[in-house]
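First comes the structure, then the notes that go with it.
The values are calculated or read from the model by the stated rules, or taken from the named source; none is laboratory data. Since the structure is predicted, the reported quantities are computational estimates derived from the model, not experimental observations. With ideal geometry, Cβ positions are generated from the backbone for all residues, glycine too; neighbour counts draw on all protein chains shown. SASA here: full protein model, heavy atoms, side chains in, ligands and nucleic acids out. Shrake-Rupley method; radii C 1.70, N 1.55, O 1.52, S 1.80 Å.
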Amino acid sequence: MDDQEDLVEPLHVLCVLGTGMDFDAIERVVGAVGGPQFSLDREFSMQEHDPRMLDAFEACLAWLTFTDADWDAVAEHDSVAYVLAKGGQEHAPYISERMLAVVAELFERWGATAIKSESSGLAHGRETWLALAEAAAQPDALRRAWVKRPIHSGEVLHSCGMHLLGVPDVELETEGLLDESRLGEWVELIDGLAGYLLTETRAAAIQDGEGFRLAEDAPRWLLHQHACDRYDDEDIFFNPYGYWRLTPA
């Protein structure tokens, strides 16, 4: 996928709602905590209520971790800030870790009340974000913070957000994808491969057609690599590292 990697660097975009946020101060804090790759998007940030945000947070799975207080924060915000961070594949885990540090800082000291990732379409409640920031040194915390799954598209379930961690996303193609009684099984499989891609050195050398299983006695799956043709290369969800698709062996 080297030709695709030359096309685009993944962009972290964080949507931050708050009350009484000082954009000058937030701009300084974002750079100080995040680093030189981080900035405040002045063009789209605004000092006013955005009535679209309730629907936007609902679409980002906020209901999985939101409390009543989190929903109240979305309903009552009076300002919206967009935080950006961009870097190449080698910097992706570090940038994602520092973005969690930015999240915690904005919540605890600078008036943020609700936050979602525009780059993977995923939101968490305040306490979940803070717990993830506390555990940010762990690869699993980064996956849980930034990777949305499972998403149903055509004949596959897939993840979105692994591009923010510098690796391919995961697809699953098999029968029974829409069987709700098996959803936990499919999520475990997607997470298992995602975790392998993030933590195992050998993951970078996987060959098309290799096998994968969660445990020695677990079912065997075949891996096939695909380019990311689900999104245009200018789309914020585009993964320049492609996908690994799991199919039954």
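The length gained by stretching the chain between D72 and D140 to full extension, at 0.36 nm per residue less their Cα-Cα distance, is 21.6 nm. Each peptide in 42-54, 143-155, 217-229 receives the mean, over its residues, of other Cβ atoms within 10 Å, and ordering these scores from highest gives 143-155, 217-229, 42-54. Roughly how many whole Å is it from the C-alpha centroid of region 163-215 to that of region 129-145? First find each Cα centre; the distance between them is then 19 Å.
Note that the chain presents 48 Å² accessible area per residue, ligands and nucleic acids not counted, probe 1.4 Å.
Take R109: with every protein chain present and a 1.4 Å probe, its accessible area is about 150 Å².
Residue by residue, region 111-124 carries 3J(HN,Hα) couplings of x, 5, 10, 7, 9, 9, 8, 6, 7, 9, x, 10, 10, 9 Hz when phi is fed to the Karplus relation 6.51 cos²θ - 1.76 cosθ + 1.60 (θ = phi - 60°); x denotes Gly or Pro. Would you indicate which of (i) 16.3; (ii) 17.6; (iii) 13.6 is the value of mean projected area of the Cα convex hull in nm² derived from the coordinates of this structure? Here the calculated entry is (iii). Only DSSP H runs of four or more residues enter the estimate; each adds -39500 (n - 2.57), and after division by the residues of the chain the mean residue ellipticity at 222 nm equals -10000 deg cm²/dmol. What a 1.4 Å probe finds exposed on the chain is 48% carbon and sulfur by accessible area, rounded to a whole percent.
Per-peptide packing, taken as the mean over residues of other Cβ atoms within 10 Å, places 239-246, 157-164, 191-198 in the sequence 157-164, 239-246, 191-198 from highest down.
Measuring spread by the Cα atoms of region 1-137 yields a radius of gyration and Dmax of 14.6, 46 Å.
Scoring 94-104, 31-41 by mean Cβ neighbours within 10 Å over their residues and listing the highest first yields 94-104, 31-41. Dipole check for the chain: with +1 at the C-beta of Lys and Arg, -1 at the C-beta of Asp and Glu, and the Cα centre as origin, the magnitude is about 520 Debye.
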